[in-house]
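Okay, so here's the structure we're looking at.
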Amino acid sequence: CPTAADLRPANGTRVCAQLYTDNSPYYDQCCAGDVLVVPPGSDAPYMPRGWSGRVSSLVVGTKCELTVWSRKAKRGKSRRFGA
């Protein structure tokens, strides 16, 4: 997985989080599969089409916080992730 400080694409734009569809008990095989990039200041009450229930690993950038909910439209239990 990339480190929190590594979440900068080649053009230098800041990324707050990256969510991945594939995970593994072996660290070198984590953070694989499809990638959903979360830019700074994003507010998405619904996951994009095809992403619901698929995220298995994530990395949150420095100075960012990612809050997720167990149900759609920001309902249910929430959990916060940081770098």
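For region 41-77, what are the residues that are of a type outside the set (A, V, I, L, M, F, W, C), within 19 Å of L7 (Cβ to Cβ) and either at pLDDT below 90 or surrounded by fewer than 12 Cβ atoms within 10 Å (Cβ to Cβ) (or both)?
Correct list: G41, S42, D43, P48, S56, S57, T62, K63, T67.
If I ask for residues that are assigned to a loop (DSSP other than H, G, I, E, B) and within 16 Å of the chain's Cα centre (by Cα), which ones from region 1-12 would you list?
Within region 1-12, C1, P2, T3, L7, R8, P9 qualify.
Which residue out of A17, A83 is out of contact with any Leu (no Cβ under 6 Å at 6 or more places or on another chain) and in contact (Cβ under 8 Å) with a residue 60 or more places away in the chain?
None of the other options fit; the residue is A83.
The values are calculated or read from the model by the stated rules, or taken from the named source; none is laboratory data. Since the model is a prediction, treat every value here as computed from it, not as a measurement. Every residue, glycine among them, receives a Cβ derived from its backbone with ideal geometry; neighbour counts consider all protein chains shown.
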